[in-house]
Every structure is written in structure tokens, then in C-alpha cells.
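Okay, structure first, notes after.
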Ligand code: ADP
Ligand code: MG
């Protein structure tokens, strides 16, 4: 994709509001939010539970739509795309990593990793090659034929990361990727994300509660009252 935007930012979010409706209640989650993420950045997104971190990640990933404002990624107005165009855009440009891995239990590690490729035009041999490369990057070649239940939490997250990178997405979005792991295993996952960022130039936006995790990022922003701060609020 072209990453030539007028100001060089890969992600450019301007004046975004997000309001949820629950019955007659309006929940104002984001209000006048602005964010720019450069190509090759590793951004940590922090904030208390319920502050809208996942909501913001979903807007960047085209999984949800802003109530107001613009979301531009790689020069493309994601907020203006039709649902159909957005789904195709997402498959091509976004890799998602979840706290609880979201692997399909009936599929082996390699079949889980292959899933996003089924939405592409790659043939079986090409898919196999990409899956092998992704499993190699996360260090799980020897677990390719294993089912998720036979893998440790850290290994399952590695499969989750392999699945997220197998399409070589423009951006990797990680929602509390170490939230269910012990410190040591979490550190290994963070090292892997850091390597993807530094060695492969992957742009990463990572939601985390853990200051330890945010220290691995190149920049940290804090969600506070619907807007982003560059320093932790008092
Ligand atoms: P965080 O990830 O920071 O914990 P979320 O982005 O998940 O926070 O949620 C922010 C707020 O928006 C919460 O109050 C949550 O209940 C509300 N919210 C999130 N998604 C929805 C939804 N689909 N419908 C209604 N309210 C929602
Ligand atoms: Mg969340």
C-alpha cells in the first residue's frame, strides 16, 4: 500500500468521537480524539479499564466506525469505506492479536495461522510457505501440528502472533497481548513484538495495562476522558 500521506503519518485520526447507545443511555467513550502514528512506530496505549482503549483499537482496525471525525490509514479514508471495501481492506492491512489468543480449538497451530490466508488469492503451496515462515518467526515450527489445548499460554500467543503477521499486514494491533501471561512469558512475547518492530519494521499499536510492557514501546499515550495525553495523568 502507499504510505505517502500529506504529513508522513501512517495512522491519522482527527477529531474522533465515539458514542455507544445502550437502551436510552448514551455512552461517550471518545471525544475529540486525535492521534498520529508514524510508519515503523511501536505505540503503547494505556488507560484505566473502560477508558476506551479497545474502542480506539477497533476504529484503527476498521472493526468499528467512529461517530464523528476521520480515520485515515496509509492515505486511505477508512471511515468512508463501504462495509464490503472495509472488510477487504482489513484483511489486507490489519493483523490482530488478542489477550485470550482467540485460536480455534479444533484446528492445529498451522491451520489457525493459515486462516487469514483463506481470504486471499494465494494457492495452497503459497499458503503453506507463508504459514511456515510465520511459525518460524515466532519460534514454533516444532509445534505446527499441535492443537491449542496442548500448547502453553505463551505458545498459544505465539500462534496468535503468527496468525496476525502471516498476511504481512501494514499494522499489528495488539489488545493486552500479555494480559493473561505470567511476567516471564509476557516478557518473551514483548521481545517478539519488539523484534517484529525493529527487525521487520512492523508498525504496532499495543493496548496494555502494564507499565513494564509499555516500556518496550517507542512511545506511550494515555487515554483520559476520551482524549489522548502524552504523559500519564495525575
Ligand atoms: P477499555 O478497552 O479501555 O477497557 P472499551 O473500549 O472496551 O474500554 O470500552 C469503553 C467503554 O465503552 C466502556 O464503558 C464500555 O462498556 C463501552 N462499550 C464498549 N463497547 C461497547 C458496545 N459495543 N456497546 C455499548 N458500550 C460499549
Ligand atoms: Mg479493552
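The figures follow:
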| read-out | value |
| --- | --- |
| Residues within the stretch 161-176 that are in contact with a helix residue (DSSP H, G or I) (Cβ under 8 Å, 6 or more places away or on another chain) and within 16 Å of ligand 1 (Cβ to nearest atom), tallied | 3 |
| Options 186, 153; residue that is within 17 Å of residue 112 (Cβ to Cβ), out of contact with any strand residue (DSSP E or B) (no Cβ under 6 Å at 6 or more places or on another chain) and in contact (Cβ under 8 Å) with a residue 24 or more places away in the chain | 153 |
| Condition broken by residue 62, with the remaining ones in (1) in contact with a helix residue (DSSP H, G or I) (Cβ under 6 Å, 6 or more places away or on another chain); (2) touching a residue at least 60 places away in the same chain (Cβ under 8 Å); (3) closer than 26 Å to residue 201 by Cβ; (4) within 16 Å of ligand 1 (Cβ to nearest atom) satisfied | (2) |
| Every pair of residues 6+ apart whose Cβ atoms lie under 7 Å, when the first sits in the stretch 36-52 and is under 9 Å from residue 217 (Cα atoms) while the second is within 16 Å of ligand 2 (Cβ to nearest atom) and part of a loop (DSSP other than H, G, I, E, B) | 44/208 |
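Let's see how each residue does on (1) within 16 Å of ligand 2 (Cβ to nearest atom); (2) in a loop (DSSP other than H, G, I, E, B); (3) modelled with pLDDT under 95; (4) within 22 Å of residue 63 (Cβ to Cβ):
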residue: 164; (1), (2), (3), (4): no, no, no, yes
residue: 169; (1), (2), (3), (4): no, yes, no, yes
residue: 174; (1), (2), (3), (4): yes, no, no, yes
residue: 186; (1), (2), (3), (4): no, no, no, no
residue: 192; (1), (2), (3), (4): no, no, no, no
residue: 198; (1), (2), (3), (4): no, no, no, no
residue: 206; (1), (2), (3), (4): yes, no, no, yes
residue: 209; (1), (2), (3), (4): yes, yes, yes, yes
residue: 212; (1), (2), (3), (4): no, no, yes, no
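The values are calculated or read from the model by the stated rules, or taken from the named source; none is laboratory data. All of these numbers come straight from a predicted model, not from anything done at the bench. Positions of Cβ are backbone-derived with ideal geometry, glycine not excepted, and every protein chain shown enters the neighbour counts.
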